[in-house]
1. Starting from the Cα of Thr319, step 7 Å along the direction of its Cβ; do the same at Ser422; then give the gap between the two resulting points in nm.
2. If you line up the Cα atoms of the stretch 418-458 on their principal axes, what length do they span on each, largest first, in Å?
3. From zero outward in steps of 5 Å, how is the percent of C-alpha pairs of the stretch 80-182 spread across the bins?
4. Compute the helix-to-body angle for 474-485: its Cα long axis versus the longest principal axis of the chain, expressed 0 to 90° and rounded to tens.
5. Nothing charged except the Cβ atoms of Lys and Arg (+1) and of Asp and Glu (-1): what's the magnitude of the dipole of the stretch 363-489 about its Cα centre? Round to the nearest 20 debye.
6. Are any of the pairs Lys64/Lys205; Lys138/Lys456; Lys50/Lys477; Lys212/Lys456; Lys93/Lys496 more than 23 Å apart by Cα-Cα distance, and if so, which?
7. Kindly report, to the nearest 10 Å², the accessible surface of Phe350 as traced by a 1.4 Å probe over protein heavy atoms only.
8. Per the 1.4 Å probe, what fraction of the accessible area of the chain, in percent, lies on carbon and sulfur atoms?
Amino acid sequence: MKKQLSLAVSIALGLAACGSSDSSSSPEPAPKYDWQIINLYAANQSDVAKSCVIYDNAIAEPQKVITASIALYGYNILFHNRDGSVIAKHTIKAADVPSTGIVTIDSANVPDGGYVSLEEVDGGIGGNADVYMFTVQKELLSDLVLNVRQPQIGASCFKGSQDLPVETVKGAAVSVLQEKNISYYQSSYGVDVDGHSISSHIPVKSELPAKKQVLVTAYENDNSGNATIMSHYGLIQSGYIYDSNNPGSIVARPLTSENLIYQPWASESNLSISQDSAIYMVSNQETYLWQSIFEDNQEFAIVDGSSTLQQWSAYFTGTETNYLWHYHSYMPLDGSNSAIVNVLPEMYDFNDIAITSSCSAETSADLCIDTDSFSTNDFDLQRTQVRSTATIGGRNFYQSIYAVPSAQQVLMNSSVAIMDPSENNRIEVGLTKSDNLTQALSYMMAESMNIQTAAKDSPIVPNFTDTNGSILTLAEKTAAHQTILGTNSTMVSNSKN
């Protein structure tokens, strides 16, 4: 990836040199990026104004929702050299943040290979003055909405959409015409699935009245709860979803087997797949879980290219069995009936990873993460998180870094504390290979942020979660998921305490 970036820079310089001889021409200005800083918190929905954002229901407090205020204090924006040292003259203090909470980052102030960090210094979480840092390498900078954990007393709300998950009704159901030799009918209201052994009153995880179509797929077998042989399918209009406790007039809809084709798949011998592996289908901007994938069946069904159902993707997730790397793989399907092979780049033992001060001359960093557990040439993006302590007071020092892959990822210096690593520190590494780096990075960041614990103002940080990070609305998450389904992307992760 570093070679690719260097090549891109060389090409850009070459084009500039070969351009117009007009001495008045000037190079394109360096791009600028906006980081909107917010604070997530839980509130009664009735207390959230209509123009203020709602991200989700608050799971820990069922009567509340997750909203946000603009964040104006308790953090800094740091600019770093390639070695992680702070460029003081470009650092943006909270006192200089506009009332909008938007910090504009001029990439001209970041050296090539350098970084930008959101640094939060917080004495209100767990009773300690903790340091939380979220860092992005220059080459990966973009516009972001980022959370800080410190409550912003008296700040204005952050304005945005108020999408909430569907509030399902227990009696919601749909009926289809009975097909021969069918053992199981599955309903997919988006990615939320349910099912029934007979064709009437098939449960649907939807609201009432329903607002979108439900996908029904029928299977000839249901061995130990694993329905694998699909033979019929149908997208059924929302008006046919009814309340089975008060059914009124029920119209059973037909299914079809038209243009079904069966596609073989296989996994490399060092990979296990989990029950979350599945085929997804996107239709009319809605994502449906089409069919689950199980180890004991090496074939799945899709509809060939003559159908109006066009976008298909295989999603494999599980564990690399040699060194216990977790993985997620996305592969778009074209209906060619060619075999799909679930395979990872070669991974190595993660136990060698460590925080060290013996950084290479190339990085010249005070501290870095040293590992030989993967080949940097096999991946495009790297997420590194360290949970450590500071030299003064033993306070928490958490840091997440998004960068091009490196076997010696430098750690960023703080403006207020010095990291004091020990053998008890937690180190997490996530790696991504994708044919769409921009979308993969956005998805990787969003998947690494747990808004439920962030809004709860809890000192507990779930594993593989950023302490501060990128925040998306439910609609934005849906769009990001649909986009990643259309890419060839593989994401792996591992950790060490």
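1. For Thr319 paired with Ser422, the spin-label model returns 2.9 nm.
2. Ordered largest first, the stretch 418-458 gives principal extents of 37, 27, 17 Å.
3. Calculated P(r), rounded to whole percents: 2, 8, 14, 16, 14, 11, 8, 5, 4, 4, 4, 5, 4, 2, 0.
4. Once rounded, one gets 80 degrees.
5. The dipole of the stretch 363-489 has a size of about 340 debye.
6. Too far apart for the 23 Å limit: Lys138/Lys456; Lys212/Lys456; Lys93/Lys496.
7. That residue has around 10 Å² of solvent-accessible surface.
8. Looking at the chain in its full context, I get 48 percent from C and S.
The values are calculated or read from the model by the stated rules, or taken from the named source; none is laboratory data. Everything quoted here is computed from the prediction, not taken from an experiment. Positions of Cβ are generated from backbone atoms using ideal geometry, with glycine treated the same way; all protein chains shown enter the neighbour counts. Quick note on the areas: whole protein, heavy atoms, side chains included, nothing else; ligands and nucleic acids left out. Shrake-Rupley method; radii C 1.70, N 1.55, O 1.52, S 1.80 Å.
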